[in-house]
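Trainee: Before I ask anything, here is the structure I am working with.
The values are calculated or read from the model by the stated rules, or taken from the named source; none is laboratory data. Bear in mind that the values here come from a model prediction, so they are computed numbers and not experimental data. A quick note on method: Cβ atoms are made from the backbone with ideal geometry, for glycine too, and the neighbour counts reach across all protein chains shown. Only protein heavy atoms, including side chains, enter the accessible area calculation; ligands, DNA and RNA are left aside. Shrake-Rupley method; radii C 1.70, N 1.55, O 1.52, S 1.80 Å.
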Amino acid sequence: MRALLLSIFGVLLLPCTRATAETLRCGSYLIQEGDDAFAVVAKCGEPTQRTTITEPVYASSADGGAVPTEQVAYTQVWHYDRGPMQFPVLIKIVDGVVQSIHFVK
């Protein structure tokens, strides 16, 4: 009976919880999705490693297919090795804006 009540209580609280994006702390500063890439460098310093991924941009054709355009999309992945006892961080940056923050565990 107690397990049933706890499970019902848990189900009722589930809609109250929300998914939160990762937040990176650099000293007294917080970095989160939507922040400018320049702000990340100003607050956290230069990343340990930068990787640029180049992908072609496709447009929809009249028949529903995909047609390559002459444009290219650039995505950067910044790696921060934060030292001992702290997880490394990967920051995905698209068009100069932080899209995601992932801690490598």
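Trainee: Regarding residue 18, is this residue basic (Lys, Arg) and at pLDDT below 50? Outline the logic, then answer.
Mentor: Numbers: basic (Lys, Arg): yes; at pLDDT below 50: yes.
Taking the combined requirement at face value, the residue satisfies it.
Trainee: For the range 27-49, name all the residues that are open to solvent by 60 Å² or more (accessible area, probe 1.4 Å) and closer than 16 Å to residue 82 by Cβ. Can you show your working first?
Mentor: Narrowing the range 27-49 to residues open to solvent by 60 Å² or more (accessible area, probe 1.4 Å): 27-30, 32-33, 36, 38, 42-43, 46, 48-49.
Selection gives 27, 28, 29, 30, 43, 46, 48, 49.
Trainee: When the residues of the range 25-46 are narrowed to those that are assigned to a loop (DSSP other than H, G, I, E, B) and over 15 Å from the mean Cα position of the chain (by Cα), which ends up nearest to residue 79 (Cα to Cα)?
Mentor: Our first condition is that a residue be assigned to a loop (DSSP other than H, G, I, E, B); within the range 25-46, this holds for 27-28, 32-35, 45-46.
In the following step, the residues that additionally are over 15 Å from the mean Cα position of the chain (by Cα) were identified as 27-28, 45-46.
Values: 27: 17, 28: 20, 45: 11, 46: 10 Å.
For the range 25-46, the residue satisfying everything is 46.
Trainee: Could you please find all residues in the range 52-95 being part of a loop (DSSP other than H, G, I, E, B) and among the hydrophobic types (A, V, I, L, M, F, W, C)? Even if it seems obvious, please write down each step before you answer.
Mentor: Within the range 52-95, the subset part of a loop (DSSP other than H, G, I, E, B) is 61-65, 81-88, 95.
Scanning the range 52-95 gives 62, 85, 87.
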